[in-house]
Structure formats: structure tokens, C-alpha cells
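Everything on this sheet refers to the single structure shown next.
The values are calculated or read from the model by the stated rules, or taken from the named source; none is laboratory data. Note that the structure is predicted; figures quoted are calculated from it, not measured. Here the Cβ is made from the backbone with ideal geometry for all residues, glycine too, and neighbour counts use every protein chain on show.
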Amino acid sequence: MTTEAVRKGLLIVFEGTDGTGKSTQVHLLSHYLQDRGYPVIATREPTEGPYGKKIRSLYMHRNAYSREEELELFLADRREHVQQLLDPALAQGRIILCDRYFLSTAAYQGARGFDPEEILRRNRFAPDPDLALLFQAPLDTGLRRITSGRGEQLNDFEQKDSLNQVAAIFASIKRPYIQPIDASGSIEEVHEQVLNHVTPLLPAFSAAQV
Ligand code: ADP
Ligand code: MG
């Protein structure tokens, strides 16, 4: 990765199936770090850019696109995210919290029939995270949180059969930066686990800033 040499920040990504509490924990961690003076940026994929908007429009009518078209949309969205936000912010020494990243593409588009490792190869343009927190909870727990807590119906990416497969692919991917999070407990318990993984990275991060 060409940008790796100038990289000073931290990239922490939140991965896992729907309703496991990723967005909730991004928000909590972002405030925790801000309160302690860290230069933190919270972002998410799909992004708010044109490709991300198009992906969101697929949430209800996913079969309008072939699996290759769908994968290309996710890659285009990520390429833009890396160029416009992730690479510059890492070079500036910021801590980026990203709600979903390329492991989600490997798992969700993998469940559509791609080899997850092929998807990861096609993501080599994107910087590896320093830490990928993999949120894991029984599928029913996540689905219950979505339908009761968020007050939503399941969308095309959240159908139960394919979500089992998505969870299995997430669990099968081995990378040194992946840390599993037991997301079945309370919001506070999960936050504690997140901090246990994040705080060891912070002193090194501060030292790198001087
Ligand atoms: P995700 O981003 O992984 O899909 P969210 O953070 O949006 O999940 O959480 C889904 C719903 O569950 C929200 O209504 C949220 O308030 C609630 N929630 C999040 N974490 C927990 C938790 N640990 N226990 C109970 N409810 C939770
Ligand atoms: Mg979310």
C-alpha cells in the first residue's frame, strides 16, 4: 500500500451481522475518545456518496443488480471513501471509526456466491484496519433488536437464511487484526469489551504523534 509509509493514525472498523450493536458502539467510542481529546472521525460504509446512495437503494430491491454489479458498487464506494477520507485522515494522524468495511463485503457478497478471499483480494487498494471488532451474537438477538428496537422490518440484506451464512463467513475469515466481540450482553458490557481492545492501541498512537 503506497500510503502505508506516511500512515500515522488508527483505523478501527466495526464488523458483524445486523443488529449486533455496531452503530451504537461507534457512537459510544467516538464520544469516549473525543472526551479524552483524541482526534476522532466516525464514518460508515456504504458512504453518503453517490455509490453509497445507490447501494442503499438496493436495500429493498437487491435482485435488480447482478452479484458482480453489486460487488462493483461496493468497491467503487470504498475506493472513493479511501481516497477522499480514509487515506487523508490516516496521514493526518486521526483515529477513524468505520461502521462496516471490507470484511462486511467479503461476508455479505460472499453469501451471494463469491469466494470471500477473492473479495478480499479485490479490496487490496484499501488500507488494512489496525483493529477489526467482529460483533457476534445469536442471529435472533440481532433480528429482535432491529425489528423491536429500531422499529424496522428486515431488508433484503437482512433475510434470515442468508444472515446465517454471512455470520459463518465472518467467523471463517482469519486476519491478525480481527478481534471477536461478544455482542449479546448489555450496551455497557459491550462497550467495556470494545475499550479493552482499543485502549492498548492508544498509548502507541499518542507516542507516534510526538
Ligand atoms: P447494528 O449497527 O449492528 O445494526 P445498532 O447499533 O443499530 O446495530 O443496534 C440495533 C438496535 O439494538 C438499536 O435499537 C440499539 O439501540 C439496540 N442495541 C444496540 N446494542 C444493544 C445491546 N447490547 N443490547 C440491547 N440492545 C442494543
Ligand atoms: Mg448499523
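On the stretch given as region 20-61, residues that are within 16 Å of ligand 1 (Cβ to nearest atom), part of a loop (DSSP other than H, G, I, E, B) and at pLDDT below 95 total 1. Residues of region 161-196 that are without any contact (Cβ under 8 Å) to a residue 40 or more places away in the chain and either in contact with an Asp or Glu (Cβ under 9 Å, 6 or more places away or on another chain) or farther than 26 Å from residue 55 by Cβ (or both): 174, 176, 185, 186, 188, 189, 192, 193, 196. Taking the conditions exactly as written (more than 16 Å from ligand 2 (Cβ to nearest atom) and either at pLDDT 95 or above or not hydroxyl-bearing (Ser, Thr, Tyr) (or both)), does residue 79 satisfy them or not? So residue 79 fits the description; yes. When region 79-124 is filtered for residues that are in contact with a helix residue (DSSP H, G or I) (Cβ under 7 Å, 6 or more places away or on another chain), of a type in the set (D, E, K, R) and assigned to a helix (DSSP H, G or I), the ones remaining, listed by number, are 80, 87. The set of residues from region 111-129 being among the aliphatic types (A, V, I, L, M) and within 18 Å of residue 167 (Cβ to Cβ) comprises 111, 119, 120.
Of the residues 45, 118, which single one is free of Cβ contacts under 8 Å to residues at least 60 places away in the same chain, among the acidic types (Asp, Glu) and touching a strand residue (DSSP E or B) at 6+ places or on another chain (Cβ under 7 Å)? Show your work before the answer.
Details: 118 fails: touching a strand residue (DSSP E or B) at 6+ places or on another chain (Cβ under 7 Å).
Testing whether each residue is free of Cβ contacts under 8 Å to residues at least 60 places away in the same chain, among the acidic types (Asp, Glu) and touching a strand residue (DSSP E or B) at 6+ places or on another chain (Cβ under 7 Å) leaves just 45.
The requirement of being aromatic (Phe, Trp, Tyr), modelled with pLDDT of 90 or more and surrounded by fewer than 17 Cβ atoms within 10 Å (Cβ to Cβ) is not satisfied by residue 170.
So, in region 63-76, of the ones that are surrounded by fewer than 17 Cβ atoms within 10 Å (Cβ to Cβ) and more than 17 Å from the chain's Cα centre (by Cα), which residue ends up modelled with the lowest pLDDT? So the residue we want is 63. Within region 37-54, if we keep just the residues that are away from ligand 2 (no atom under 14 Å from the Cβ) and among the hydrophobic types (A, V, I, L, M, F, W, C), the residue that is surrounded by the fewest Cβ atoms within 10 Å (Cβ to Cβ) turns out to be 41. Answer yes if at least one residue in region 93-101 is buried (at least 17 other Cβ atoms within 10 Å of the Cβ), within 16 Å of ligand 2 (Cβ to nearest atom), within 16 Å of the chain's Cα centre (by Cα) and on the phi > 0 side of the Ramachandran plot, and no otherwise. Yes, region 93-101 contains a residue that is buried (at least 17 other Cβ atoms within 10 Å of the Cβ), within 16 Å of ligand 2 (Cβ to nearest atom), within 16 Å of the chain's Cα centre (by Cα) and on the phi > 0 side of the Ramachandran plot.
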